[in-house]
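Shown next, in structure tokens, is the structure this report addresses.
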Amino acid sequence: MSPDFHEIWVYLSASPLAGLTLTLAAYQAGMWVFERFGRRPALNPVMIAVLLIAATLMVAGIDYRTYFDGAQFVHFLLGPATVALAVPLYRQFQQVRRSAVALLVALLTGSAVSALSAVAIAWALGASERTLLSLAPKSVTSPIAMGVSEQIGGLPSLTAVFVILTGIIAASFGTWVLNLVRVTDWRARGFGLGVAAHGIGTARALQVNEVAGAFAGLGMGLNGLATAILLPLLYRLLFT
């Protein structure tokens, strides 16, 4: 690399615009692969974008803080995007009202199973107590999960990693699992993805069906609320 080009690269890599550009370009590349190979769930565009961004940061020697100075604009837009999920939910309000009891049972069951099963498996594999506490809120959206993790003594940064991995895995393979157990109702499919895989699962549900997307958004929101209230209470009852 010539000295002049090196100086230009150092300047550009430190610019906030570089992080934003990298994020958008990586996601577009992920979407291209996703569409090019027939929208296969295993080729989730978020997963591809994460891998591309991580590889680029490692090769270029850019630290995460510098990258996030630009990427935080996309992070900010997660709030309005989440609020916008109320639009398809409003359109399906009558179906939501008719399914209220079933949704409540599914929410409590799904929220409990998603936390307890992960913690039980990690405990059986010898994970530390702090890792277990960081893992418990893995199925809710990152801001809520990180806040809950901090309250109960986990590591918010580690929780964020678990949240992303959970969303990618569930969005990639959730459709196959639902087909395997013969869940065909779009309301149930969407709600299950929202509870298990938060925003990434909800985005996947919206790609497939509007009804599924509406119920996924509802599941994501309710699971975040339930986890934020119940998990700290459960921790205090059991460990304090």
Self-check item: L125 paired with D63, simple spin-label distance in nm, labels 7 Å along Cα-to-beta-carbon
Solution: 3.0
Quiz item: Out of [x] 7, 28, 31, 17, 9, 4, 2, 1, 0; [y] 8, 36, 40, 15, 1; [z] 7, 28, 33, 22, 7, 2, 0, which label holds the value of P(r) over Cα pairs in 10 Å bins from 0, in percent that was computed here?
Solution: [z]
Quiz item: Against the longest principal axis of the chain, how steep is helix 100-124, in degrees 0 to 90 to the nearest 10, with axes from Cα atoms?
Solution: 60
Exercise. Can you bin segment 163-212 into rounded, prolate or oblate? Criterion: square roots of the alpha carbon gyration tensor eigenvalues sorted a ≥ b ≥ c, rounded for a/c under 1.5, prolate for a/b above b/c, oblate for the rest.
Key: oblate
Quiz item: Using 1/(1 + (r/R0)^6) with R0 = 22 angstrom and r between the beta carbons of L108 and V177, what's the FRET efficiency to the nearest 0.05?
Solution: 0.60
Exercise. Compare the Cα positions of N179, F191, V101 along the charge dipole of the chain (+1 at Cβ of Lys, Arg; -1 at Cβ of Asp, Glu; about the Cα centre) and return the one farthest towards the positive end.
Key: V101
Self-check item: Degrees between helix 142-152 axis and first principal axis of the chain (Cα, 0 to 90, nearest 10)
Solution: 70
Practice problem: Show that you can apply the helix-only estimate: for the chain, add -39,500 (n - 2.57) for every DSSP H stretch of four or more residues, divide by all residues, and state [θ] at 222 nm to the nearest 500. | Solution: -28000 deg cm²/dmol
Self-check item: Convex hull of Cα atoms in segment 92-221, direction-averaged projection (nm²)
Solution: 7.7
Self-check item: Residue among F93, F76, F173 with the largest mean-square fluctuation in a Gaussian network model of the chain, springs linking Cα atoms under 10 Å
Solution: F76
Quiz item: Which residue, I62, I152, I168, has the most motion in a Gaussian network model of the chain that connects Cα atoms within less than 10 Å?
Solution: I62
Practice problem: Would you please classify the overall shape of segment 57-158 from the alpha carbon gyration tensor, given that a ≥ b ≥ c denote the square roots of the eigenvalues, rounded means a/c under 1.5, and beyond that prolate means a/b larger than b/c while oblate covers the rest? | Solution: oblate
Quiz prompt | Centre separation in Å (Cα based) which lies between segment 134-166 and segment 173-202 | solution = 21
Practice problem: Quick one: net charge around A212, please, counting Lys, Arg +1 and Asp, Glu -1 for every other residue with C-beta under 12 Å from its C-beta. | Solution: +1
Exercise. Taking the Cα centre of the chain as origin, work out the dipole magnitude from +1 charges on Lys and Arg Cβ and -1 charges on Asp and Glu Cβ, in debye rounded to 20.
Key: 1000
Practice problem: Just name one of A212, A84, W123: the one whose Cα is farthest towards the positive end of the charge dipole of the chain (beta-carbon charges, Lys/Arg +1, Asp/Glu -1). | Solution: A212
Quiz item: Counting pairs of alpha carbon atoms under 8 Å apart in space and at least six apart in sequence, what relative contact order in percent does the chain give?
Solution: 17
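Throughout, read-outs are computed from the coordinates displayed, never taken from laboratory work. Here the structure is a predicted model, which means the values were calculated and not measured. Glycine also receives a Cβ, built like all others from the backbone with ideal geometry; neighbour counts cover every protein chain displayed.
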